[in-house]
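Okay, structure first, notes after.
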Amino acid sequence: MEKKMTDSIRYQFLLRILPAFFFTSVIFLLILTSFELNTAKEAKRELAKQKVENLALLLTEPVWQLSNTLSSNIMSATIEAHEVTCVVLEQDSEITPIIRKGVCKEADGVETFSSPIIYTNQGRARQLGKVSIQMSITNDWKAISRKILPLIILSVILFVLTVVISLLAFRSTILAPLAHVSYSLRHYQKTGTRNPVDWKTNDELGLLIQEYNNSLQHQQQTENQLETAKHDAEKARHDAEMALNNLKQAQKSLVQAEKMASLGSLVAGIAHEVNTPLGNSLTIATTITEATKDISKDIEAGALRKSVLENYIHSMNEASTILERNLHNAADQIRKFKQVAVDQTSEKRRKFDLRLLLDEVLYTLYPQVKHSPYDIKAIGPEGILMNSYPGQLGQIITNCFNNTILHGFEGKESGELTFSVNQLDDEWASLIIEDNGCGMPPEELKKAFDPFYTTKLGQGGSGLGLNLVYNLTTSLLGGSVSISSVVGQGLKLTFKIPLNAPSSH
Ligand SMILES: Nc1ncnc2c1ncn2[C@@H]1O[C@H](COP(=O)(O)OP(=O)(O)OP(=O)(O)O)[C@@H](O)[C@H]1O
Ligand SMILES: [Mg+2]
């Protein structure tokens with residue numbers, strides 16, 4: 001910002017103080033002049049009085065002698081004196097006239113001074129008359145200016161000196177400390193470091209600067225604390241980010257592990273289910289081998305009877321039918337398991353029938369409850385056509401199934417778990433999973449979808465099941481899920497899922 005001269009504090013100071021100084025000096029000079037004028041006038045008057053008294057003394061003898069000639073001469077000599085304009089002699093004697101010398105007039109500045117003429121003889125005083133003079137009591141400007149001029153010069157010198165001294169005093173008491181403060185502020189703006197002002201006086205500015213220094217120190221301390229706090233916060237943020245990353249990593253691993261675990265139970269299921277038809281097939285195959293061996297021996301010995309051959313063919317027919325049925329059965333089971341396994345291990349979108357998918361997934365889960373008292377039901381029409389992620393829907397069903405078995409039916413003699421599907425409208429389908437197990441109290445229910453919330457910590461529970469259910473439903477499938485429960489009466493999960501999953505995934 002450009003700094004104008006008129007903005008400077010020194011200028012402002014002079015602007016206020018100079019007129020005051022100037023007018024004071026002028027008034028001082030005026031008073032002095034008028035005093036001088038009065039003194040000069042008084043001196044003149046005094047002089048005039050002396051003059052008229054002297055004249056009266058001088059005229060005493062001629063007036064006594066009645067010598068008008070002498071009186072006139074004395075009066076003329078007096079009139080010659082510069083400032084006397086007129087001399088009048090009035091004698092008490094009637095025979096002597098009034099004698100006038102000079103021009104007598106009434107005018108401005110002209111004053112009349114009189115003195116009696118007293119003749120003293122043998123101790124007796126007698127007034128013989130009166131003499132008057134007129135004198136101009138005007139000012140003699142030259143004389144006065146001669147007196148006043150040095151005073152004016154002195155006043156000017158005094159004025160200049162006062163201004164200079166005031167400026168110097170102003171500079172050392174006000175401008176200098178201000179310049180120090182200003183330097184300190186500029187230094188802070190340029191470098192960011194706070195330099196206290198080195199100025200120690202006990203006046204108001206000194207105290208102000210002391211306050212300024214204290215506030216600088218305080219600011220520095222606060223700034224340091226802020227810097228430390230910022231640094232700590234930054235570190236805390238970094239640590240939190242690291243922890244979050246680790247947590248995300250752990251969550252990923254756990255989700256992966258969960259996937260693998262459900263695949264493991266799928267494999268166990270398939271092994272269990274395929275075991276029976278394969279065992280049957282093996283028994284039939286062994287029977288066929290034995291029967292074929294027997295008939296081969298008969299053929300080698302040439303003792304093959306027609307009835308034996310017919311019997312062999314009959315039992316072969318029967319065996320191959322049973323074998324075929326069992327192998328079909330096994331192949332069928334493998335196909336079903338395979339679909340679920342493929343769905344669950346991949347994140348593939350495809351078209352499917354919701355009810356059929358529910359059946360397929362439950363089919364892979366049945367082996368776990370085959371010999372238990374729990375009743376698993378699937379309700380809902382076929383033909384709810386979806387274009388979504390069957391593997392993830394399967395994961396949701398499996399997790400809820402496992403939860404009911406592990407938590408809901410824990411320690412229960414019987415239990416009912418129902419999965420019902422429904423088409424709500426052209427866009428939405430619903431899936432309701434409801435059990436009549438032990439349920440959850442409200443304070444636990446609030447945390448059910450939180451990651452790592454489990455009541456089975458250290459007993460195989462990771463607390464990721466329902467969190468995964470929530471995340472898959474709301475993000476990948478584009479739906480919503482709500483949970484409700486009455487303690488002792490069971491738990492219900494209500495899903496609303498779009499028939500067409502959002503395309504962003
Ligand atoms: N059907 C249910 N009945 C009663 N409680 C349930 C039911 N489902 C879940 N819970 C409660 O909710 C908690 C959280 O379930 P979640 O599936 O998230 O974790 P988890 O089953 O304990 O562990 P994980 O599923 O990761 O192996 C469970 O620990 C359990 O206390
Ligand atoms: Mg679970």
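Annotations
- Candidates T283, T321, T287: the one that is farther than 30 Å from L464 by Cα, hydroxyl-bearing (S, T, Y) and in contact (Cβ under 8 Å) with a residue 12 or more places away in the chain is T287.
- Among the residues of the stretch 97-119, those that are assigned to a loop (DSSP other than H, G, I, E, B) and over 16 Å from L70 (Cα atoms) comprise V103, C104, K105, E106, A107, D108, G109.
- Filtered residues of the stretch 48-63 (kept if surrounded by 14 or more Cβ atoms within 10 Å (Cβ to Cβ) and not aliphatic (A, V, I, L, M)): K49, K51, E53, T60, E61, P62
- Residue list for the stretch 119-162, restricted to those being of a type in the set (A, V, I, L, M, F, W, C), exposed (fewer than 14 other Cβ atoms within 10 Å of the Cβ) and within 30 Å of E80 (Cα to Cα): W141, A143
- Test: residue in the stretch 217-237 that is over 24 Å from the mean Cα position of the chain (by Cα), without any contact (Cβ under 8 Å) to a residue 60 or more places away in the chain and either in a helix (DSSP H, G or I) or surrounded by 11 or more Cβ atoms within 10 Å (Cβ to Cβ) (or both): no
- Flag for A271 being outside the structural domain of L499 (by TED's automatic domain parsing) and over 23 Å from L393 (Cα atoms): yes
- When restricted to residues that are within 16 Å of ligand 2 (Cβ to nearest atom), under 20 Å from L247 (Cβ atoms) and within 42 Å of the chain's Cα centre (by Cα), the stretch 464-498 contains 8.
- Among residues that are assigned to a helix (DSSP H, G or I) and surrounded by 13 or more Cβ atoms within 10 Å (Cβ to Cβ), L89 is not included.
- Hits in the stretch 252-282 (condition: exposed (fewer than 14 other Cβ atoms within 10 Å of the Cβ) and of a type outside the set (G, A, S)): K252, Q256, M260, V267, N275, T276, L282
- Failed condition for G437, given (1) away from ligand 2 (no atom under 16 Å from the Cβ); (2) not in a strand (DSSP E or B): (1)
- Selected residue (only one of D353, D298, D294, D332 is of a type in the set (D, E, K, R) and surrounded by 16 or more Cβ atoms within 10 Å (Cβ to Cβ)): D353
- Some residue of the stretch 489-497 being away from ligand 1 (no atom under 11 Å from the Cβ) and out of contact with any strand residue (DSSP E or B) (no Cβ under 6 Å at 6 or more places or on another chain): no
- Matching residues, the stretch 453-482, being outside any loop (DSSP other than H, G, I, E, B), within 13 Å of ligand 1 (Cβ to nearest atom) and surrounded by fewer than 17 Cβ atoms within 10 Å (Cβ to Cβ): L457, G461
- Test: residue in the stretch 97-113 that is among the acidic types (D, E) and at pLDDT 85 or above: yes
- Taken over the stretch 25-47, residues that are loosely packed, with under 15 Cβ neighbours inside 10 Å and of a type in the set (G, A, S) amount to 2.
- Residues of the stretch 18-47 satisfying the condition of being of a type in the set (G, A, S) and without any contact (Cβ under 8 Å) to a residue 12 or more places away in the chain: A20, S34, A43
- With respect to being surrounded by fewer than 19 Cβ atoms within 10 Å (Cβ to Cβ) and more than 60 Å from the chain's Cα centre (by Cα), L385 falls outside the description.
- Restricting the stretch 343-402 to residues that are in contact with a Lys or Arg (Cβ under 8 Å, 6 or more places away or on another chain) and either of a type in the set (D, E, K, R) or without any contact (Cβ under 8 Å) to a residue 24 or more places away in the chain (or both), the residue that is nearest to ligand 2 (Cβ to nearest atom): E360
- In the stretch 131-142, the condition of being under 30 Å from F22 (Cα atoms) and without any contact (Cβ under 8 Å) to a residue 24 or more places away in the chain is met by at least one residue.
- Complete set of residues in the stretch 437-452 that are within 10 Å of ligand 1 (Cβ to nearest atom) and without any contact (Cβ under 8 Å) to a residue 60 or more places away in the chain: G437, C438, G439, M440, P441, E444, L445, K447, A448, F449, D450, F452
The values are calculated or read from the model by the stated rules, or taken from the named source; none is laboratory data. Bear in mind that the values here come from a model prediction, so they are computed numbers and not experimental data. Because the Cβ atoms are built from the backbone with ideal geometry, glycine has one as well, and the counts that use them run over all protein chains shown.
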